[in-house]
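What follows is a set of notes on a single structure, which appears directly below.
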């Protein structure tokens with residue numbers, strides 16, 4: 001067998017393991033390190049005394065997204081990609097969830113709480129969500145929404161989306 | 001316009017609106033809806049008091065927004 005047997009997969013595993021340790025140092029424990037970085041091995045380079053395999057890495061640390069209204073610049077939505085970390089199976093009460101939200105976000109006075117529930121973003125990654133509808137003079141305003149996702153263990157707001165338009169009734 | 005009048009308009013236009021024969025009336029709600037003459041071009045929208053009428057069946061739904069004053073069909077949403 002060729003001594004320079006390409007061990008590209010083994011090399012990638014080794015690099016991924018090293019990078020996973022870096023994640024853990026940063027407080028991120030994940031069964032899917034490929035969500036955070038990707039590795040690609042080059043072809044082995046042969047030397048007299050052995051060979052080397054270089055590995056390129058792409059860090060995929062976070063996909064924070066923010067959406068603004070194109071007309072008036074109003075913040076419409078934001079989310080962070082690591083919102084299911086750390087792993088969690090705990091739940092929080094509706095009262096706790098609302099207290100967390102109202103510390104950070106002004107819930108409009110014409111918002112009516114529609115639902116509160118938990119969902120698994122991924123296995124063992126449970127989040128709480130609050131959803132509001134808008135009512136104007138007792139009529140639901142179709143198309144407007146406010147929802148917030150919260151990590152029950154850390155009480156972090158990890159996702160927010162709101163559309164609360166200026167009504168132009170004709 | 002009252003709900004019965006709106007439903008009569010929709011039933012009379014059932015084929016025009018391409019409401020599948022399998023679909024049955026599910027709900028009617030008065031709501032404020034966003035309206036724009038030409039939704040394909042950007043620009044300001046206005047809001048109308050409308051009826052949102054929903055028909056559905058096992059495989060899908062259709063939601064129709066009808067102006068609550070004139071009976072004009074403002075928007076149609078389909079699941080497929």
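Numbers at a glance
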quantity: Residue match in the range B:18-28 (condition: under 13 Å from the mean Cα position of the chain (by Cα), facing another protein chain (nearest Cβ under 8 Å) and either at pLDDT below 95 or not in a loop (DSSP other than H, G, I, E, B) (or both)); calculated: no
quantity: Subset tally (residues that are surrounded by 16 or more Cβ atoms within 10 Å (Cβ to Cβ) and touching a strand residue (DSSP E or B) at 6+ places or on another chain (Cβ under 6 Å)) for the range A:25-50; calculated: 4
quantity: Matching strands (runs of 3 or more DSSP E) fully within the range A:71-170 where at least 1 residues are touching a residue at least 60 places away in the same chain (Cβ under 8 Å) and more than 14 Å from the chain's Cα centre (by Cα); calculated: A:75-79, A:156-163
quantity: Among the residues listed as A:125, A:129, A:134, the single one being touching a helix residue (DSSP H, G or I) at 6+ places or on another chain (Cβ under 9 Å) and not assigned by TED's automatic domain parsing to the domain that holds residue A:31; calculated: A:129
quantity: Residue in the range B:30-52 that is under 18 Å from residue A:144 (Cα atoms) and touching a helix residue (DSSP H, G or I) at 6+ places or on another chain (Cβ under 7 Å) present; calculated: yes
quantity: Residue within the range B:62-73 that is within 14 Å of chain A (Cβ to nearest Cβ), over 24 Å from residue A:70 (Cα atoms) and more than 12 Å from the chain's Cα centre (by Cα) present; calculated: yes
quantity: Qualifying position, being surrounded by 13 or more Cβ atoms within 10 Å (Cβ to Cβ) and either on the phi > 0 side of the Ramachandran plot or in the same structural domain as residue A:159 (by TED's automatic domain parsing) (or both), among A:99, A:111; calculated: A:111
quantity: Filtered residue count, the range A:117-148, keeping only those that are closer than 19 Å to residue A:78 by Cα, surrounded by fewer than 16 Cβ atoms within 10 Å (Cβ to Cβ) and within 12 Å of another protein chain (Cβ to nearest Cβ); calculated: 1
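A quick yes/no check of all residues on (1) assigned to a strand (DSSP E or B); (2) free of Cβ contacts under 8 Å to residues at least 24 places away in the same chain; (3) more than 10 Å from chain A (Cβ to nearest Cβ); (4) crowded, with 17+ Cβ neighbours inside 10 Å:
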{"position": "B:8", "(1), (2), (3), (4)": "no, yes, yes, no"}
{"position": "B:11", "(1), (2), (3), (4)": "no, yes, yes, no"}
{"position": "B:16", "(1), (2), (3), (4)": "no, yes, yes, no"}
{"position": "B:47", "(1), (2), (3), (4)": "yes, yes, no, yes"}
{"position": "B:53", "(1), (2), (3), (4)": "yes, no, yes, yes"}
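The values are calculated or read from the model by the stated rules, or taken from the named source; none is laboratory data. Just so it is clear, the structure is predicted and the values come from calculations on it, not from any experiment. Virtual Cβ from ideal backbone geometry, glycine too; neighbours counted across all protein chains shown.
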